[in-house]
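FYI, it's all coordinate maths here, none of it is from the lab. Note that the structure is predicted; figures quoted are calculated from it, not measured. Every residue, glycine as well, gets a Cβ built from its backbone with ideal geometry; the counts of neighbours run over all protein chains shown.
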Amino acid sequence: MPTTPTDAIKLTATQQIAAIQSGDLDARELFETYRQRAAADAHNAFTWVADEAPAELPASGTPLAGLPLAVKDLFCTEGIPSQSGSKLLEGYLPPYTATSVQKLVDAGSTVHGKTNQDEFAMGSSNENSAYGPVTNPWDAARVPGGSSGGSAAAVAAGHAAWALGTDTGGSIRQPAAFCGLVGLKPTYGSVSRFGMIAFASSLDQAGPITRSVADAALMLKFMEGKDPRDMTSIGLREPVEVPTRTDLTGLRIGVPEELAGEGVEDGVRASFEAALEQAKALGATVTTIHLPNAPHALSAYYVLAPAEASSNLSRFDGVRYGNRLEAEDGSLIGMYTRTRTEGFGPEVKRRIMLGTYALSAGFYDAYYGRAQQVRTKIVEDFATAFASVDVIATPTAPSVAFELGSKTNDPLAMYLNDFCTIPMSLAGIPAISIPSGLSDGLPVGLQLAGPAFSENLILGAAHALEQAIGFDTAGAIR
Ligand code: GLN
């Protein structure tokens with residue numbers, strides 16, 4: 001049965017590719033449908049949308065069949081604005097494309113839009129963007145999560161078949177959870193960071209935001225790999241398998257008491273517990289475990305990530321990249337000051353100050369050094385845990401999507417969103433968020449984490465649970 005592009009919007013990326021390859025769906029018409037939907041997007045999810053389909057769309061002959069791809073603003077895309085949500089980089093046109101984007105393009109996916117994000121990926125609600133907040137397709141009074149909020153809103157609204165996000169402390173997983181989608185943060189080093197505008201280099205990792213676990217696996221399969229242009233990239237150890245697992249026989253799931261107890265909203269807890277029951281029904285065993293240092297992860301992260309950011313963001317000086325604002329007195333120092341004062345938003349300035357302070361002589365050992373020690377302890381906690389369980393399950397975020405403006409004046413409340421996702425980031429291990437159900441009509445995310453390079457394991461487990469839960473990821477498509 002030939003599929004019309006409008007019906008096809010509700011199919012997953014994997015299903016769309018199959019329909020294109022079998023000749024039931026026209027790749028160019030599908031691209032045009034998504035492009036027009038993106039151009040008319042009312043969630044402010046996009047910072048740039050293509051004017052037209054490319055003259056030659058790589059279609060049925062390629063593995064990714066020309067499928068439209070939405071790319072977070074912070075990925076450099078040659079000749080296409082790449083601004084990382086910042087006014088300082090407004091209109092910046094990079095001379096090259098990030099490796100992860102290029103690899104997907106080489107496999108046939110085609111960029112149709114760049115997506116809104118918190119400035120330099122600092123945030124959990126997308127309210128820190130210089131290009132305005134993004135709204136959640138499930139409820140436009142609420143945030144989509146962040147910092148990859150535009151990518152998540154675009155996919156949830158059916159304005160992109162799939163999207164690229166980045167995750168430093170939760171920025172793929174938490175927006176995926178808030179928007180009823182699948183979000184995967186791969187093992188640190190498995191995907192090249194070349195061409196990603198850096199936030200915290202020891203934590204940043206690119207990954208998929210998709211409508212199904214199979215879609216996430218497919219995107220990862222083409223993105224991962226060692227890249228000579230990123231010295232920290234190593235690639236995965238085994239090829240990504242598109243998951244087919246439907247049972248969890250023998251899988252040992254650990255639930256860390258420190259991350260699944262206090263502070264988790266009732267509706268989220270109920271959905272999490274129901275998912276664990278489903279896992280048991282599929283054959284898994286579920287036990288309580290401990291990650292004794294995980295409660296300190298947030299504090300360590302808010303020393304380490306700003307420290308790295310203060311260093312990374314020093315390159316934005318008005319000389320080499322982005323916008324330059326001359327000082328009235330014509331001085332160089334004045335130009336630096338004005339460019340950075342007017343170019344950076346308040347959250348970015350807060351992080352630069354925190355990070356500069358933590359790295360300053362006399363405070364370095366007390367803050368940065370100590371935070372590094374906590375990071376090591378967290379790595380050890382996970383190693384101990386994975387000696388007795390295969391995967392670790394937690395709620396992805398302690399709440400469902402919150403109302404716009406409700407946390408903007410309270411940075412600590414905002415930071416607490418990443419309580420359950422930051423420990424995995426500090427340890428560099430892979431973690432996926434899948435929808436576990438609805439709480440008062442809003443999606444809840446379930447996080448599954450595994451040891452480094454266990455992507456096939458967590459994708460398989462997530463796929464089995466996804467099939468059992470039967471969540472409708474097209475539920476917000478209008
Ligand atoms: N919300 C966290 C922060 O503001 C994580 C952001 C991210 O993963 N990029 O730093």
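Calculate the dipole size of the range 94-234 relative to its Cα centre from +1 charges on Lys and Arg beta carbons and -1 charges on Asp and Glu beta carbons; express the result in debye to the nearest 20.
220 debye
Under 8 Å for C-alpha pairs, at least 6 residues apart: give me the relative contact order for the range 1-131, rounded to a whole percent.
24 percent
Which of the trypsin sites (Lys or Arg not before Pro) found in the range 276-348 are in a DSSP loop and have at most 16 neighbouring Cβ atoms, other than their own, within 10 Å?
ARG320, ARG324
Work from the charge dipole of the range 326-478 (Cβ charges, +1 for Lys and Arg, -1 for Asp and Glu, about the Cα centre) and give the residue of THR376, TYR364, MET353 farthest towards its positive end.
The residue sitting most towards the positive pole is TYR364.
If you average the alpha carbon positions of the range 181-211 and of the range 53-113, how far apart do those two centres end up, in angstrom?
15 Å
Once the other residues with Cβ under 15 Å from the Cβ of TYR131 are scored (Lys, Arg +1; Asp, Glu -1), what is the net sum?
Within the 15 Å Cβ shell, the charges total -4.
Taking the Cα centre of the chain as the origin, how large is its charge dipole in debye, to the nearest 20, when only Lys and Arg (+1) and Asp and Glu (-1) carry charge on their Cβ atoms?
Dipole size: approximately 620 debye.
How do TYR357, TYR92, TYR34 line up, fewest other C-beta atoms within 10 Å first?
The order, fewest Cβ neighbours first, is TYR357, TYR92, TYR34.
Can you find, among CYS420, GLY113, SER310, the residue sitting farthest towards the positive end of the charge dipole of the chain, where Lys and Arg contribute +1 and Asp and Glu -1 at Cβ?
Going by the charge dipole, the pick is SER310.
How high is the relative contact order of the chain? Use alpha-carbon pairs under 8 Å, at least six apart in sequence, and give a whole percent.
Averaging sequence separation for qualifying contacts and normalising by length gives 18 percent for the chain.
When the helices in the chain are scored as -39500 (n - 2.57) per DSSP H run of 4 or longer and the sum is shared across all residues, what 222 nm value do you end up with, to the nearest 500 deg cm²/dmol?
Theoretical 222 nm ellipticity from helices: -10000 deg cm²/dmol.
What do the square roots of 5 times the Cα gyration tensor eigenvalues come to for the chain, in whole Å, largest first, as semi-axes of the equivalent ellipsoid?
With the √(5λ) rule applied to the chain, the semi-axes are 31, 29, 20 Å.
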